[in-house]
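The values are calculated or read from the model by the stated rules, or taken from the named source; none is laboratory data. Since we're looking at a predicted model, the values are computed, not measured. Reconstructed Cβ throughout: ideal geometry from the backbone, glycine too, with neighbour counts over all protein chains shown.
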């Protein structure tokens, strides 16, 4: 939890660096809001990895165990922590389901989380290699978040948000690792 909170705050600060450079005391005012899901996820993964390794446990087994809970909690937070609070406004639109004239991006994100949760619960029953469920979450979240960010009302860098750039850089590596894991699993299964 501690590493998740630290990661969530660091990523939020990074994503809003101009605000914090103008008023650095705001960095410690965590009670005023300002956390990033992806930062919390990365922080929790890193902290969890070192904790699990210190306890001499299997990281991938635990990662797969927790994988379905991550998108479910993400969906809940997006609905009750963001949508209900009126955070994260989307771009202006006149679509029928617009909320105050903007895309309800937090509801889009919640829907992505719920779809991933359902998919992971289904995949838990399949014969997957260890770590696959966790990696599938990362891949599906990355794709979903990449798409949802096109509807966000945030600053873009050469047409993409900072999160889209992060996803574009990291997802190919995750896909490569997943492919390697899958090939090894198929090879072992056929022996």
Among the residues of the range 21-36, is any surrounded by 14 or more Cβ atoms within 10 Å (Cβ to Cβ), outside the structural domain of residue 80 (by TED's automatic domain parsing), modelled with pLDDT of 85 or more and assigned to a helix (DSSP H, G or I)?
no
Please enumerate the residues belonging to the range 133-171 that are in a helix (DSSP H, G or I) and either in the same structural domain as residue 37 (by TED's automatic domain parsing) or touching a strand residue (DSSP E or B) at 6+ places or on another chain (Cβ under 8 Å) (or both).
149, 151, 165, 168
Some residue of the range 45-52 being surrounded by fewer than 13 Cβ atoms within 10 Å (Cβ to Cβ) and either free of Cβ contacts under 8 Å to residues at least 60 places away in the same chain or closer than 22 Å to residue 113 by Cβ (or both)
yes
Flag for residue 80 being in contact with a strand residue (DSSP E or B) (Cβ under 9 Å, 6 or more places away or on another chain) and under 25 Å from residue 15 (Cα atoms):
no
Is there a residue in the range 78-94 that is more than 30 Å from residue 33 (Cα to Cα), in a loop (DSSP other than H, G, I, E, B) and either within 18 Å of the chain's Cα centre (by Cα) or free of Cβ contacts under 8 Å to residues at least 60 places away in the same chain (or both)?
no
Got a sec? Which of 147, 157 is surrounded by fewer than 11 Cβ atoms within 10 Å (Cβ to Cβ) and without any contact (Cβ under 8 Å) to a residue 40 or more places away in the chain?
157
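Would you confirm, using the coordinates I've provided, whether residue 117 is surrounded by 20 or more Cβ atoms within 10 Å (Cβ to Cβ) and in a helix (DSSP H, G or I)?
Taking the combined requirement at face value, the residue satisfies it.
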Testing residue 63 on (1) modelled with pLDDT of 95 or more; (2) not in a helix (DSSP H, G or I), one condition comes back false. Which one is that?
(2)
